[in-house]
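Have a look at the structure below before the remarks.
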Amino acid sequence: MDLHEQNNFYQHSLEQLPEIHKTKEQIQQLLDLIDDEEDFVKKIVILRNKFNISRSDLANFDRSKRSSVYRAFDADIDGREVGRVGRPPILIENLETALIEKVKRLNIIGIYPDVDDLNILALQILNDNRPTEKRIDNIDSQYGYNFVARYDKVLKFTNPQLLDKDRALNCNKKVIEPFFKILGEKIIKSPPLPQLMGNTDEGSISQFKTKKKKRISIAGFEPFCQPDNKKGLIGASIMPFTCADGQSFPTCVLIDHATVPIELRLHSSPQLFFHPCHGWNTKEIFEQLFKLWIIPSINQKRKLLQLEHEPFYLFLDGHKSRENKNIFELAAQHNINLIIFPPHTTSILQPCDNGIFAVLKNNINFSSVLNLFHQDTAAQQRNQFAINLRQALHKSLSPQNIIHSYAITGLCPFNPSVVLTKIPDFPPIWAIKQIKDMDQYNLTRERGIGGKIITFDRKFL
């Protein structure tokens with residue numbers, strides 16, 4: 001009795017019985033009992049016919065071969081030979097290796113293909129290795145998905161960070177390595193305590209709608225890509241102030257209004273307060289907050305820890321509202337070391353942008369934000385917004401989330417490799433194509449206070 005006759009015998013004997021579910025470990029044990037010379041798909045068909053194991057359990061044992069397994073089941077039922085089942089491979093092994101190398105080279109220069117791009121690359125490689133008369137115009141649209149699944153130890157699907165041109169120009173080793181070098185030279189001499197390292201920034205509580213595609217990258221690469229068109233919705237701005245030890249200071253909410261509505265003022269507490277602000281944060285507004293909020297919060301914590309003479313490390317972005325001589329003098333007087341991130345790099349360096357804002361915005365009810373300051377908005381809606389905001393802050397400012405946000409940015413514990421191993425060496429091609437030469441790029445990068453330590457040990461640097 002040949003293999004096909006054996007399978008038919010088992011199949012007809014067990015066809016009236018309910019399917020048996022097996023775990024991957026149980027299936028592997030049964031596979032080990034079958035002759036190693038048999039093809040994997042043939043082994044799966046034998047298990048199906050002999051033990052009546054669930055088709056879906058067997059097909060999902062190796063997801064990269066799932067479609068081949070199902071086709072083998074159909075062939076077995078139809079009485080066809082279960083041999084080399086399914087479509088022949090589009091690319092032979094050495095050409096698939098070339099495709100992986102091509103993806104890697106694209107990743108290095110900041111380009112992360114999607115499935116359609118991968119199919120086009122595969123088609124180009126295939127046609128380049130065929131005679132002209134045998135070239136084809138298209139390949140199976142599912143090839144890219146199956147290819148990544150088959151090489152899941154090398155390739156991965158992921159949602160990339162969407163970068164505009166300015167962020168793409170600076171989110172690379174050419175800009176960020178020098179920043180970590182300068183920072184490392186200072187803090188290695190006098191390592192700061194996590195309790196005395198902080199970051200604050202304002203983020204708009206608004207909703208952005210954008211179309212996202214999963215991108216393909218080599219395992220270990222952090223993908224970035226150019227964003228599609230997006231639509232922003234107006235809302236308030238929130239300024240969390242966190243420390244690397246997992247604690248947070250009172251959170252400030254900037255209200256784009258002449259005065260703070262009474263419904264919001266009633267929700268002020270030691271953990272939350274509202275501040276009027278015409279438009280975005282200005283030098284004057286930030287100076288007020290620095291005097292009335294940031295300095296008192298830092299001094300109170302140092303006093304509580306009995307560390308009044310220890311410096312506090314405050315990380316800020318390079319927004320123009322920070323470029324204020326009065327703030328620099330205040331920081332030096334109160335032993336606050338001001339460290340400014342390089343321009344357009346906060347998406348990967350700033351703790352607030354790496355976990356705090358994301359959790360906050362995911363828990364904000366945007367429908368209440370949109371009508372927050374409309375003349376016809378009822379007091380009840382403002383009250384509900386404040387309640388919703390406090391709940392969202394409780395989740396985003398959890399100690400675990402804050403500590404994680406400092407760890408993944410390489411600031412605490414100080415570990416630049418956490419960031420540097422995930423970013424490209426140079427800006428992506430699509431970001432620099434409009435720049436004539438690298439000298440122009442360097443001038444753009446070094447403008448302003450970005451990427452500098454402004455005050456250190458009570459001195460201007």
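The values are calculated or read from the model by the stated rules, or taken from the named source; none is laboratory data. These figures come from a predicted structure and were not determined experimentally. Cβ coordinates were reconstructed from backbone atoms using ideal geometry, including for glycine residues, and neighbour counts include every protein chain displayed. The protein model used for the area step is the full one, side chains on, heavy atoms only, and it has no ligands, DNA or RNA in it. Shrake-Rupley method; radii C 1.70, N 1.55, O 1.52, S 1.80 Å.
On the basis of being open to solvent by 30 Å² or more (accessible area, probe 1.4 Å) and touching a residue at least 24 places away in the same chain (Cβ under 8 Å), does residue 323 make the cut? So that I can check it myself, show each step before the final result.
Values: open to solvent by 30 Å² or more (accessible area, probe 1.4 Å): yes; touching a residue at least 24 places away in the same chain (Cβ under 8 Å): yes.
In short, yes.
Looking at segment 330-341, which of its residues are within 15 Å of residue 459 (Cα to Cα), open to solvent by less than 70 Å² (accessible area, probe 1.4 Å) and not β-branched (Val, Ile, Thr)?
At the first step, the residues of segment 330-341 found to be within 15 Å of residue 459 (Cα to Cα) are 330-339.
So of that shortlist, the ones also open to solvent by less than 70 Å² (accessible area, probe 1.4 Å) come out as 330-332, 334-339.
Matches in segment 330-341: 330, 331, 332, 334, 335, 337, 338.
Going residue by residue through segment 217-230, is there one that turns out to be out of contact with any strand residue (DSSP E or B) (no Cβ under 7 Å at 6 or more places or on another chain) and either modelled with pLDDT of 85 or more or aliphatic (A, V, I, L, M) (or both)?
no
Only residues that are open to solvent by 10 Å² or more (accessible area, probe 1.4 Å) and either among the aliphatic types (A, V, I, L, M) or farther than 25 Å from residue 237 by Cβ (or both): list them for segment 401-418, please. Show your work before the answer.
Going residue by residue through segment 401-418, those that are open to solvent by 10 Å² or more (accessible area, probe 1.4 Å) are 401, 403-404, 407-408, 412-418.
Listed by number, the residues that qualify are 403, 407, 408, 412, 413, 414, 415, 416, 417, 418.
Among the residues of segment 125-181, write down those that are among the charged types (D, E, K, R) and either under 22 Å from residue 97 (Cα atoms) or more than 23 Å from the chain's Cα centre (by Cα) (or both).
Initially, segment 125-181 is screened for residues among the charged types (D, E, K, R), giving 128, 130, 133-135, 137, 140, 150, 152-153, 156, 164-167, 173-174, 177, 181.
128, 130, 133, 134, 135, 137, 140, 150, 152, 153, 156, 181 - these are the residues of segment 125-181 that are among the charged types (D, E, K, R) and either under 22 Å from residue 97 (Cα atoms) or more than 23 Å from the chain's Cα centre (by Cα) (or both).
Return the residues of segment 329-361 that are touching a residue at least 60 places away in the same chain (Cβ under 8 Å) and farther than 26 Å from residue 167 by Cα; say none if nothing qualifies.
Residues of segment 329-361 that are touching a residue at least 60 places away in the same chain (Cβ under 8 Å), as a first pass: 331-333, 335-353, 356-357, 360-361.
Across segment 329-361, the qualifying residues are 331, 332, 333, 335, 336.
Tell me, which helices (runs of 4 or more DSSP H) lie completely within segment 87-198 with 2 or more residues that are basic (Lys, Arg)?
On the way: elements: 93-108, 115-128, 143-150, 165-170, 173-187.
By residue number, 93-108, 165-170, 173-187.
Which of (1) in a helix (DSSP H, G or I); (2) at pLDDT below 90; (3) open to solvent by 10 Å² or more (accessible area, probe 1.4 Å) is the odd one out, the single condition residue 318 does not satisfy?
Residue 318 satisfies every listed condition except (1).
Could you tell me whether segment 265-279 includes any residue that is surrounded by fewer than 19 Cβ atoms within 10 Å (Cβ to Cβ) and within 19 Å of residue 327 (Cβ to Cβ)? Spell out the reasoning first.
The first filter runs over segment 265-279 and keeps only residues surrounded by fewer than 19 Cβ atoms within 10 Å (Cβ to Cβ), leaving 265-273, 275-276, 278-279.
Filter once more, so that each one left must be within 19 Å of residue 327 (Cβ to Cβ): 275.
Within segment 265-279, one or more residues are surrounded by fewer than 19 Cβ atoms within 10 Å (Cβ to Cβ) and within 19 Å of residue 327 (Cβ to Cβ).
Table: residues versus (1) in the same structural domain as residue 302 (by the TED database); (2) in contact (Cβ under 8 Å) with a residue 12 or more places away in the chain; (3) surrounded by fewer than 15 Cβ atoms within 10 Å (Cβ to Cβ); (4) not β-branched (Val, Ile, Thr).
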residue	(1), (2), (3), (4)
123	no, yes, no, yes
129	no, yes, yes, yes
136	no, yes, yes, no
144	no, yes, no, yes
156	no, yes, no, yes
160	no, yes, no, yes
